[in-house]
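Student: Here you go, one structure.
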Amino acid sequence: MRLDGKRITWVLGALLLWVVSVLAAAYALRRVMIHNVERTVTGMTVMDAREQDLACPVHGGALLLDVVSVRYGLIRVPREQAEAERKHFPCARTEALGGCLRRPWQEALVLYCPECRRTKGEWRPLEQGEARQEAKPQPADSRDG
């Protein structure tokens with residue numbers, strides 16, 4: 001059987017339509033699964049604030065599911081704290097930011113790293129005039145005994 005231009009176009013169109021319908025069904029199934037998890041976890045609808053990460057970029061461990069409170073408004077985080085969060089505990093996710101407009105959600109579904117939460121709990125901001133000490137390699141002793 002020889003395929004001409006019209007048949008190839010028709011076959012490709014049908015294939016594209018099939019792929020789009022499969023992707024739409026998969027997306028709908030994903031949304032249903034998320035809502036089932038939400039009802040199971042809290043008994044009420046919560047905001048889905050999960051990131052796409054599956055593992056912590058700092059600690060490498062798998063992320064766990066948790067429900068945290070949603071914080072609304074313009075949240076200003078001190079620069080030192082924001083830098084520490086990015087470098088040392090990016091997946092602590094102890095709260096979800098809901099934005100400036102209040103929504104009906106009081107809780108959010110998040111994925112978090114237990115090591116990031118432990119590190120965040122141990123971290124403290126610097127006091128006035130205090131300098132943060134980074135771990136630096138010590139030079140070898142050049143004196144011969």
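Student: Which of the residues that make up the range 93-121 are within 11 Å of Asp66 (Cα to Cα) and either touching a residue at least 60 places away in the same chain (Cβ under 8 Å) or assigned to a loop (DSSP other than H, G, I, E, B) (or both)?
Tutor: Matches in the range 93-121: Arg93, Thr94, Glu95, Glu107, Ala108, Leu109, Val110, Leu111, Cys113.
Listed here are the residues, each with its yes/no results for (1) over 29 Å from Gly61 (Cβ atoms); (2) modelled with pLDDT of 90 or more; (3) surrounded by fewer than 11 Cβ atoms within 10 Å (Cβ to Cβ).
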| position | (1), (2), (3) |
| --- | --- |
| Glu85 | no, yes, no |
| Cys100 | yes, no, yes |
| Gln128 | yes, no, yes |
| Arg132 | no, no, yes |
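Student: Tally the residues that are within 16 Å of Gly121 (Cβ to Cβ), aliphatic (A, V, I, L, M) and out of contact with any strand residue (DSSP E or B) (no Cβ under 9 Å at 6 or more places or on another chain), restricting the search to the range 61-110.
Tutor: Counting residues in the range 61-110 that are within 16 Å of Gly121 (Cβ to Cβ), aliphatic (A, V, I, L, M) and out of contact with any strand residue (DSSP E or B) (no Cβ under 9 Å at 6 or more places or on another chain) gives 1.
The values are calculated or read from the model by the stated rules, or taken from the named source; none is laboratory data. Keep in mind it's a predicted model, so treat the numbers as computed, not measured. Here the Cβ is made from the backbone with ideal geometry for all residues, glycine too, and neighbour counts use every protein chain on show.
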